[in-house]
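The values are calculated or read from the model by the stated rules, or taken from the named source; none is laboratory data. In this text, all values refer to a predicted model and were calculated from it rather than measured experimentally. Every residue, glycine among them, receives a Cβ derived from its backbone with ideal geometry; neighbour counts consider all protein chains shown. The area values use the complete protein model at the heavy-atom level, side chains included, leaving out ligands, DNA and RNA. Shrake-Rupley method; radii C 1.70, N 1.55, O 1.52, S 1.80 Å.
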Amino acid sequence: MVGAVIVLIIFFSALGAPILAPYDVNAQNLTMSLQPPSTSHLLGTDVYGRDLLSRLIYGARVSLGIGLSAAFIATTVGVFVGVFAGFLGGWVDWLLMRIVDVLMGFPRLVVMLLAVGFGTPSIWLTLTVLGLLAWMEVARIVRGEVMVIREMLYLKAAQALGLKRSRIIMGYILPNVIGSVIVSTTLLIGTMILVEASLSFLGLGVQPPNASWGTILNQGRVDPVGAWWISAFGGLMIIITVVGFNLLGDGLRDLLDPRSLT
Amino acid sequence: MGHSQLLLSVEDLIIHYQSRKSTLFTKPEIVSAVRGVTFSINSGETLAIVGESGCGKTSIVMSILGFVKPVSGKIKYKGTDIWDVTREELRGIRRKIQPVFQDPHHSLNPRMTVGQAIEDGLWPHQYEDMIEKQNGVLELLRAVRLGKEHLNTYPHQLSGGQKQRVCIARALAPNPELLILDEPLSSQDLSIQATLVNLLLDLKQKKGLTYLFISHDLRIVRSIAQQVAVMRDGILVEVSDRDSIFNNPQHSYTESLLKSSGLL
């Protein structure tokens, strides 16, 4: 699985950033400003003379961290809402799904702008808002699966046994939706990394001097043609990572398909 | 059998399905699946309902199990209307009426081992500790002639016949009085059908069970049922004891069913 390999490489380089990064991530050296890739700075330097490779490696920590946490928040909320809507049905389902419809119509960037306007931009604010604006997709998927499972004979058998609702949800419904939840979470991580990058690019997410892929892209604006390496390598990292997570998601989908169990 | 106790009675049951919801511009489309069905089962008896697929047999089953609400009519278990009780009371009654469905492949949770599936049927406080509970599960497995080696297997590792045995074991777990067997053999090979019929007859005798047996296979019905109800298009055309049905059918539809299975 190519996806798993890409994700693992990026994950471990983020984890081992202090060891792997050749330079101090925030060390400025104005005499080395905007140096093209060379043997001493493999991927060149930015406008403050900071080593781009080191910043990209450290940026992976922030970008991955936000991507993972936001996806985790979104998944938790989504599963909760999806199970409730799908299992209880009726007006509960109707109400929750209308909320989903409304939230899906919210432009993420505008809400983010508002949130930042009211609070102060920070990593925590970014990931919370990201997570809380991304659970609807998961909720829809889970609800659909739960409605299918609700009609399965094994669920009828469980109900005939007089099992409590909590037992039916924990033992019969959740284990059978977990496969598609894992897949959608994996895909969501990629999306979250992208959204974080666009937010930070606009100066709404992670704030400088903290390195994230979005802020690095932002610094590439100084001279996108002359100092092409900043935008190019920053963008490349995002593309590789998002593609990695998407491939991983597709791979997991095939792997977790119940038909491949037998 | 005049002395035996009335266990389940179904009185003038009518079940409709709405195949299309009503909107401002369309009337709801209503399909009537069961159009006034009355029968009763005494404790210890086996009543078979026979009829072609789509005649409403499964609708009756789903209604007795509390899944499909009838439009009108009563379903009484030991005199209690199961559609007129609290949720808590219904849970208690449900445990006494256990189903075994036609398709064992979809009747078992794919993410649960055989042991876990059966264990869920036992009351949590029925057993002192885990070991005793485990013994309870093993006992049920042995009752359906499976063994300890099946305890930790998942459904997809079992054959169709084994899965159906697990379903039967699970149905027996809450100590039910009535088993509703909805075409439990029709997805099985002939040789397995024979062993399952024997198993069911054996269990009935040992545990004093009552069966409501739904089938379209008259040969199996003849070997297992005392009472037979013949169903067509949502109504029972003939209800009688086995010998009368098989030797002296009163309704032309019963006769044609017998003819088509080569029993007349």
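Below, the figures for the structure above:
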read-out	value
Note, ³J(HN,Hα) from phi for segment A:239-247, Karplus 6.51, -1.76, 1.60, rounded to Hz, x at Gly and Pro	4, 4, 5, 5, 4, x, 5, 5, 5
Sparse-neighbour loop sites [GluC sites (Glu not before Pro); segment B:95-190; at most 10 other C-beta within 10 Å; DSSP]	B:GLU128
Degrees, to the nearest 10: B:87-96 long Cα axis against longest axis of chain B	80 degrees
Most mobile of B:GLY121, B:GLY92, B:GLY208 in a GNM of chain B (Cα contacts under 10 Å)	B:GLY92
Computed accessible area, A:MET152, all protein chains, 1.4 angstrom probe, square angstrom	50 Å²
Residue-by-residue Karplus 3J(HN,Hα) for segment A:82-89, coefficients 6.51, -1.76, 1.60, Hz, glycine and proline x	x, 5, 4, 4, x, 7, 7, x
Karplus (6.51, -1.76, 1.60) ³J(HN,Hα), θ = phi - 60°, over segment A:219-228, in Hz, Gly and Pro reported as x	5, x, 5, 3, 8, x, 8, x, 9, 4
Coil-residue trypsin sites (Lys or Arg not before Pro) of segment B:43-131, DSSP, other Cβ within 10 Å capped at 15	B:LYS78
Estimated distance in nm for a label pair at A:VAL2 and B:SER53, the labels positioned 7 Å out from Cα along Cα-to-Cβ	4.5 nm
Computed FRET value (nearest 0.05) for B:GLN116 with B:ASP202, which takes r as the C-beta separation and R₀ as 25 Å	0.45
Helix A:135-150 vs. chain A, principal-axis angle (Cα, 0 to 90°, nearest 10)	30 degrees
Taking chain A and dividing mean pair separation by its residue count, relative contact order in percent (alpha carbons under 8 Å, at least six apart)	27 percent
Size of electric dipole in the protein assembly as shown: Cβ of Lys, Arg +1 and of Asp, Glu -1, about Cα centre, debye, nearest 20	500 debye
Estimated distance in nm for a label pair at B:SER19 and A:SER122, the labels positioned 7 Å out from Cα along Cα-to-Cβ	6.1 nm
Nearest-0.05 FRET efficiency for B:GLU29 and B:THR80, computed from C-beta distance (R0 30 Å)	0.35
A:LEU133, A:LEU34, B:LEU141, A:LEU236, ranked by accessible area, largest first (probe 1.4 Å)	A:LEU236, A:LEU34, A:LEU133, B:LEU141
Pair B:GLU132, A:LEU255: separation of 7 Å Cα→Cβ label points (nm)	4.3 nm
For chain A, accessible area per residue (1.4 Å probe, heavy atoms of protein chains only), Å²	47 Å²
Heavy-atom accessible surface of the protein assembly as shown: percent carbon and sulfur, 1.4 Å	60 percent
Inter-centroid distance (Cα atoms) of segment B:17-71 relative to segment A:184-207, Å	53 Å
Rounded FRET efficiency, nearest 0.05, which uses the C-beta distance separating A:VAL47 from A:ASP101 and R0 of 45 Å	0.50
DSSP bridge pairs, segment B:115-240: antiparallel proportion in percent, nearest 5	50 percent
Among A:GLY3, A:TRP124, B:GLN205 - extreme Cα towards positive end, dipole of the protein assembly as shown, charges at beta-carbon	B:GLN205
Average beta carbon contacts from partner chains per residue of B:97-109, 10 Å cutoff	4
B:LEU236 long-range amide H proximity, modeled H, under 5 Å	B:THR38
Acute angle (nearest 10 degrees) that the helix B:160-172 long axis makes with the longest principal axis of chain B, alpha-carbon atoms	90 degrees
Which of A:LEU204, A:LEU132 is most accessible, then next, and so on - probe 1.4 Å	A:LEU132, A:LEU204
Check: chain B dipole with +1 on Lys, Arg Cβ and -1 on Asp, Glu Cβ, in debye	320 debye
1.4 Å probe accessible area per residue over chain B, in Å²	48 Å²
Buried area at the A-B interface (accessible, heavy atoms, 1.4 Å probe, summed, Å²)	2100 Å²
